[in-house]
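Undergrad: To start, I am sharing the structure in question, which I have written as structure tokens.
The values are calculated or read from the model by the stated rules, or taken from the named source; none is laboratory data. A quick note: this is a predicted structure, and the numbers were derived from the prediction, not measured. Cβ coordinates were reconstructed from backbone atoms using ideal geometry, including for glycine residues, and neighbour counts include every protein chain displayed. When the accessible area is computed, the model is the full protein with side chains, heavy atoms only, and any ligands, DNA or RNA have been set aside. Shrake-Rupley method; radii C 1.70, N 1.55, O 1.52, S 1.80 Å.
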Amino acid sequence: MRILDSIDDELIGQLRRDHEFFWLDATDLPVDEIKRLGTLLDLHPLAVEDSITFGQRPKLDTYGDTALLVLRGAVRSQPEDRNEHPLEEIHCHLSGDFIVTLHRRPYPDLQRVTPLFSHAKTAKSEQYHVYKIIDVIVDSYFPMLADLDEQINDLEDAIASHGGRSELEETFRLKRLLLRLRKAVVPMRDVFAREVEVIVDLAGLEADSHDYFRDIYDHLIRITDELDSYHELVSGCTDLYLSTVANRQGETSKQLAIIASIFLPLSFLTGFFGMNFGWAVTHVFDGPWAFAVGCALMAAAAGAMWLFFRRRGWTGSDG
């Protein structure tokens with residue numbers, strides 16, 4: 001199989017005349033180049049129009065001897081990037097003579113599969129090459145799922161220890177990301193569940209004894225299941241956050257109630273003896289020792305209250 005990275009009219013024409021299967025991988029082609037490619041490969045005008053506008057839902061459209069397969073591949077971002085748009089739309093134009101992959105930004109996963117084809121020791125079928133290109137796009141989700149697993153575990157630990165507003169924002173970010181991933185994966189799963197025979201039956205596409213595309217469908221099922229489980233975990237993080245906030249508020253309320261309870265007898269003592277027993281204050285408790293007696297009495301009352309709360313277990317943390 002020949003691998004091309006640019007549109008060469010003469011070479012492509014020669015490959016088509018010789019019925020030699022080739023793969024053209026192009027990034028961010030201008031509109032006039034896409035139209036020229038459509039004319040050169042006899043692509044259907046609707047398929048060309050879709051590849052010009054992009055923004056398509058994952059799908060598989062057939063146009064006679066050619067088909068347009070729209071996929072969304074995952075782009076693994078750096079942790080510091082927090083890429084909110086980690087998907088790359090890839091248009092695969094398929095026929096018995098070629099496979100063309102078009103995308104707006106460079107897609108490293110496709111570049112990594114090129115050496116596999118170039119250094120293959122044995123000849124592979126055309127169907128295998130189509131499968132491998134699609135498979136590397138689908139499998140791009142697995143590294144992202146591994147990253148999501150670590151992020152959710154870290155989020156749970158952070159919420160349990162000191163859940164704050166930043167953890168709540170991270171929970172919402174993960175929810176939005178999981179929803180975006182699911183919207184991309186579920187349509188692809190449905191395509192391979194119902195219409196994958198269209199690719200297998202394309203005229204001129206060399207068949208293979210292995211059911212490669214069933215493997216892609218199995219991977220999509222696995223990805224969907226993991227996304228659903230991660231969504232449940234993130235929803236659990238929301239409940240954990242609310243529970244943590246409620247526990248913290250309860251702890252604060254308990255501490256304030258203890259402080260108020262300790263100062264209650266002190267206020268009672270100062271108010272009771274200071275306002276209701278004027279004669280005792282001026283005659284009995286007259287002298288420098290009266291102040292010391294009053295302070296000792298209040299300290300004894302506060303200590304007795306604290307000891308009572310401690311024995312009841314009300315001063316400890318709920319954790």
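Undergrad: Pull up all non-local amide H partners of residue 24: gap of 5 or more, or a different chain, and H-to-H distance under 5 Å with H placed in the peptide plane.
TA: Those qualifying (amide H under 5 Å, at least 5 residues apart or on another chain) are 4, 99, 100, 101.
Undergrad: Additional query: Just to check I understand the Karplus step: with θ = phi - 60° and J = 6.51 cos²θ - 1.76 cosθ + 1.60, what whole-Hz values come out for segment 242-256, glycine and proline as x?
TA: Result, ordered by residue: 4, 5, 5, 4, 4, 5, 5, 5, x, 5, 5, 4, 5, 5, 5 Hz.
Undergrad: Here's something else I'd like to know. Mind ordering 178-185, 130-137 by average Cβ neighbours within 10 Å, highest first?
TA: Most protected by this proxy first, the peptides run 130-137, 178-185.
Undergrad: Rounded to a whole number, what % of the accessible area of segment 97-166 do carbon and sulfur atoms account for, probe 1.4 Å? Let's see the in-between values first.
TA: On the way: 1640 of 3270 Å².
Carbon and sulfur atoms account for 50 percent of the accessible area of segment 97-166.
Undergrad: Just to check I understand the Karplus step: with θ = phi - 60° and J = 6.51 cos²θ - 1.76 cosθ + 1.60, what whole-Hz values come out for segment 131-140, glycine and proline as x?
TA: 4, 5, 5, 5, 5, 5, 5, 5, 5, 5
Undergrad: Go through segment 4-17 residue by residue and turn each phi into a ³J(HN,Hα) via Karplus (6.51, -1.76, 1.60, θ = phi - 60°); whole Hz please, and just put x for glycine and proline.
TA: 10, 10, 8, 8, 10, 4, 5, 5, 5, x, 5, 5, 6, 5
Undergrad: Of 45, 14, 113, which is farthest along the charge dipole of segment 14-116 in the positive direction, counting Lys and Arg as +1 and Asp and Glu as -1 at C-beta?
TA: Farthest towards the positive end: 113.
Undergrad: Mind checking which lysines have their C-alpha under 29 Å from residue 132, skipping anything on the same chain fewer than 8 residues away?
TA: 35, 59, 121, 124, 183
Undergrad: For 172, 213, write out the residues from largest to smallest accessible area, computed with a 1.4 angstrom probe and no ligands counted.
TA: Per-residue accessible area, sorted high to low, gives 172, 213.
Undergrad: Let me ask something else. Count the net charge of all other residues whose Cβ sits under 14 Å from the Cβ of residue 262, scoring Lys and Arg as +1 and Asp and Glu as -1.
TA: Details: positive: 254, 310, 312; negative: none.
Net local charge, residue 262 excluded: +3.
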